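So the structure is just underneath, and the comments pick up after that.
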Amino acid sequence: MSEAAVAENVNEQIKSIEEKAGKYLTFQLEKEFYGLEILKIQEIIQMMNITRVPRAPEFIRGVINLRGKIIPVINLRKKFIMEFSDDTQRTCVIVVRFEHNARQVTLGIVVDEVSEVINITGEQIEEAPEFGTEIDTGFILGMGKVDKKVVILLDIEKVLSTGEISLVSKVAGAETST
Amino acid sequence: MDMEEKLESISETLVLADVSNFSSMTSLLQEFEAFEKMAQESAKEILAKASAASAALIWNLISGDSKGTPTPLLDILSKTVSLFQDALRKDHDPSNLDFPIELGLKSGNNSESTSAVKDKTDEPGTRMPDSDYQDILKDFIFGAEGKLEEIEALLLKCEKKLDRENIQALKRIFHTLKGESGLLELSAIETICHKTEDQLSEDCVTINTEILFQVKDWLSKSLLFYSGKCEAPDSIESIFNSDSDTKLDFSPENVIDVEFELLGFFISESLEHMDSVDANLLTLETNPDCTNSIHAIFRSFHSMKGAAASFNLMDIKNLAHETETLLDKIRNNELHINAEIIDIVFDSVDLMRSTLDHLKVHIETGEPLKQARDLVGHLSRIHQNANNAARDDASPKAVEKVEEKKKLGDILIEKGIVTPKDVDVALQKQAESKASGENKKLGELLIQEGTVSAKKISEGLRKQFVQKPVEKVVVKEQVKVDSERLDKLVDTIGELVIAEAMVRQSDEMQQIRSIDFKKKVSFLGKISREIQNIGTSMRMVPLHSTFQKMARIVRDISKKTGKLVEFTVSGEETELDKAVVDRIGDPLIHIIRNAVDHGIEKNSEARKAAGKAEKGRVFLRASHSEGKINIEIEDDGRGLDKEKIMAKAIERGLLKPDSQPSDQEIWSLVFEPGLTTAKELTDISGRGVGMDVVKKNIEALRGQVDIKSRKGHGSTFTIRLPLTLAIIEGMEIRVGSEQYIIPTISVLSSVRPKRPDITTVAHRGEMFSYRKQLLPLIHLGKLFVEPEATTNPTKGLIVIIEHNGRQAGLVVDELVGKHQVVIKNLGELFQNADLFSGGAIMPSGNVALVLDIGSVLDINKKNEMLNN
């Protein structure tokens, strides 16, 4: 790779990081902090009765009735291969809405606890770490560092399209090394 | 109303205008006068002047001062109107307009400007219109689609029986299309419509449906193009140009045949006219003030006159014309109806009948055309009577004398109609020389059976006439609604019904004791159900236009393959959800194509040998039953070949060589992709894709297809569909801890099984004997991986289901109840979870999944195969 190309590459990375700056809703999963772009969030609702859909992919916990509309609810714990835990008082569903394949998709994400909305600047964002070929980190927009916490910024569309990933340990390892 | 709209309405009136019809001309006059006013208000003096001149011309005609023949008047007027339109639309300087000289306007003969306009409109090819017009364009496309359907219906009708009114209707539609497309500057469409309209001109009694079908197809393609759905179609103007010298359809070699065939139509139609004249005359006899009857008689003669003129049948034309003139005087109160006049008209009818008979003989045997003997005398008699009113008319041309030959009336009714008249007129008839001979011949028979009851018959006729209601067209007011909005409304209504059920069934509500309150709640429930019904019915459209498309397809294929096919449609008024109607077309096309292409035998000899009618028969029927729609396609062709299908299926590994499938199972193999038994591939069918499409589409609509077939006797395809996509009737069942819905369309019954009924069959899992049949058992608990569900069928319940002719028993824990549920999509994430066709929100607020019975059966079969 020529120097010019490298420089361009770096420029592009900086540019894309600049674009990622903004407000994020953070939530907890197994003590980890995750962030979702605030623009994609429709609402946060209390845990409700979820109807299981047999033979659906495992990370889908089922469907709920959101004011007359049926939306799927996904279980990020399953997606990230974390231990299953019982729902608590703080467990809630974040309803996200985004465009996928030119269609509006609305779905719910079960999280342990919703924390807060934070503003993350471009400087606070780092590229997603790479763990080699066996792990796809495409669904991570970047790592935000705020108040000594590390927030994993998720690209929700890619979360759904990538397979189940053992993330927790690796991210935890990466965190200690940085 | 602005000026352009006014012009639209003028041109519409103009097309419908009939110079001999007083009221139509007065309304035209009023239209022009109104336009004149509008033009004056908007300071367009030239236009005002021109319309004033047009109005004057019409007035002249009405008041009878007109010296010229009336037909050119309409031409002049339409030319004027189109010039008006040009002027308004393109903002031309109206002073440059080249108004017809007949209007008497001294406009500069600036032919350049008109030709420039013409060049512009004649520009070939299809242009995308300006974006400003998008809204109007959308409306246009929407409306035009309906009109094209109408055109197709009319064309199909014309192919069966050529009818003047149908052609007129066609002309009207093309004219409106022309006007609208002109407004939108869709010049290609405008030109084509204009040319088509020309072809359909008044004199043209026959039409070339082939070309018109092409025009229609081209127009639909163009519409699709404008709505951005496909490429611009090639221009088809050439089809007109190629044979524009010949009169479209009269291609030289078959002029004679076509003409004779059309003459046949003309004769039978004219005879019908005469029948109605008879009936109306009888009414007039008892009630001389019945203007409706006069008008009806007038119309009959008038339309005969026009038709006869186009065939160059001068005798009939003259006779009709003279009679019409006489009647016109009565209509305008210049003459009063008396017995003599009624007799004269009766005689005209008689003469007309005998002339028509001669014509018939002429066509059938080729004998030279003869003329009714009495014609000249009769004409002068009419003339004389007409002259009594002191008005002068051009005398009719003399006609040759020919021998008379009258056949007796064919039908009893016809005899009945003649009888009272014969009695009434007997005296005058005798005085009237030769015609009486004819009447005696008729009379001999008629008196024997008729005279005695003559009074009764004429009474009966009068009654008949009274009962025949004057056709009233009630135009229902309609509102075009965006279908998205409608969907939303239907969705919301569904939610309302659920919410209402939630309230009604809540525990708190159960504790309330007030009867008054409960009454109110149940009233609320009644209203919401009513709203639900209205909501559903709003999306309902009749199958009519879909079925009509099928008629067209049968026609095309039978032409291509050279097979004679009689296509019978019934139940096309059956209503279905629009979404279903839109998507049922494809599967129907495939099934019908197969029926004609493969089903019906190629040569009629084979059919005759099998004891069937020479013409292949295909039926398409629709009916309602038990909240479902059944659509049946039946043919009396060869039927499906069991052995061939099995051989193919074994070859493709769909069937084990040693298996013994039931008939139903064999027929369902037809739906497997790639399975075809056709030896040769035609461009119509044979690739083995069609039936796969049929099954997929129908299942997407939550429907089912059933096949019944007997080799050599034909096949019947039955499609069963839910009335609507949004709301289904479902059985709520419990499996383990979850609730599910089974569509009632698939449920046959439910039973609590006893141990001896359940047997284990090697390789086919558990079987359940139900009404002496062995059905496979499907444990929903196992299928849904529901640990709490019962594994012992005797402790639960078995729901017997049927799908596409396959039956099975589903083991469930409990039958909870029957509900109407609003079915909703589960969303994209569940594309692979095809066990369910959707979810329904239950009164509890929870979601219950709706089982897709077809895939439950399929998956169970796959599991079985794996286990083996």
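Spin-label model, residue A:114/residue B:759: points 7 Å from Cα along the beta carbon direction are separated by 6.0 nm.
In order along segment B:531-544, the Karplus-derived 3J(HN,Hα) couplings, from 6.51 cos²θ - 1.76 cosθ + 1.60 at θ = phi - 60°, round to 4, 4, 4, 4, x, 5, 5, 5, 8, 7, 10, x, 6, 2 Hz, and Gly and Pro are given as x. With R₀ fixed at 35 Å, the C-beta to C-beta distance from residue A:85 to residue B:503 puts the FRET efficiency at about 0.45. Here r is the Cβ-Cβ distance between residue B:312 and residue B:642 and R0 is 45 Å; the resulting FRET efficiency, rounded to 0.05, is 0.15. Spin-label model, residue B:818 to residue B:769: label points 7 Å out along the Cα-to-beta-carbon direction sit 3.0 nm apart. Between residue B:844 and residue B:42, the simple spin-label model (points 7 angstrom out along Cα→Cβ) gives 6.7 nm.
Please list log₁₀ I(q)/I(0) at q = 0.15, 0.22 Å⁻¹ for segment B:471-609, using the Debye equation with identical point scatterers on the alpha-carbon positions. Rounded to two decimals, the profile gives -0.89, -1.26. Could you list the residues of segment B:693-717 with an amide nitrogen less than 19 Å from a label point located 7 Å from the Cα of residue B:603 in the Cα-to-C-beta direction? Answer for this model: B:712. Measuring against 24 Å, Cα to Cα, the residue pairs B:195/B:305; A:158/B:861; B:79/B:171; B:161/B:329; B:216/B:549 contain B:195/B:305; A:158/B:861; B:161/B:329 as the ones spanning a longer distance. Distant-in-sequence amide contacts of residue B:779, defined by a placed amide H-H separation under 5 Å and a gap of 5 or more residues or a different chain, comprise B:811.
The stretch between residue B:224 and residue B:168, if pulled fully straight at 0.36 nm per residue, gains 17.5 nm over its current Cα-Cα span. Segment residue B:710..residue B:495, full-extension length gain: 72.7 nm, with 0.36 nm per residue of separation and the alpha-carbon distance subtracted.
Past 18 Å, Cα to Cα: identify those pairs from B:559/B:696; B:563/B:602; B:642/B:708; A:69/B:782; B:6/B:49, in the order given. Over 18 Å apart, Cα to Cα: B:559/B:696; A:69/B:782.
Highest mean first, the peptides B:778-789, A:35-46 sorted by other C-beta atoms within 10 Å per residue fall in the order B:778-789, A:35-46.
Suppose R0 equals 51 Å; then what is the FRET efficiency for residue B:483 and residue B:564 from their Cβ-Cβ distance, rounded to the nearest 0.05? Between residue B:483 and residue B:564 the formula returns 0.80. Considering amide H positions built from the backbone, and no H for Pro or chain starts, which residues 5 or more places from residue B:601, or on another chain, come under 5 Å of its amide H? Distant-sequence amide H within range of residue B:601: B:638. Amide hydrogen proximity for residue B:836: with H placed 1.01 Å from N in the peptide plane, the residues at 5 or more positions away or on another chain lying under 5 Å are B:852.
Every number in this text was worked out from the coordinates using simple rules, so none of it is lab data. Worth saying up front: this structure is predicted, and the values here are computed from it rather than measured. Quick reminder, even Gly has a Cβ in these numbers, built from the backbone with ideal geometry, and neighbours come from all protein chains shown.
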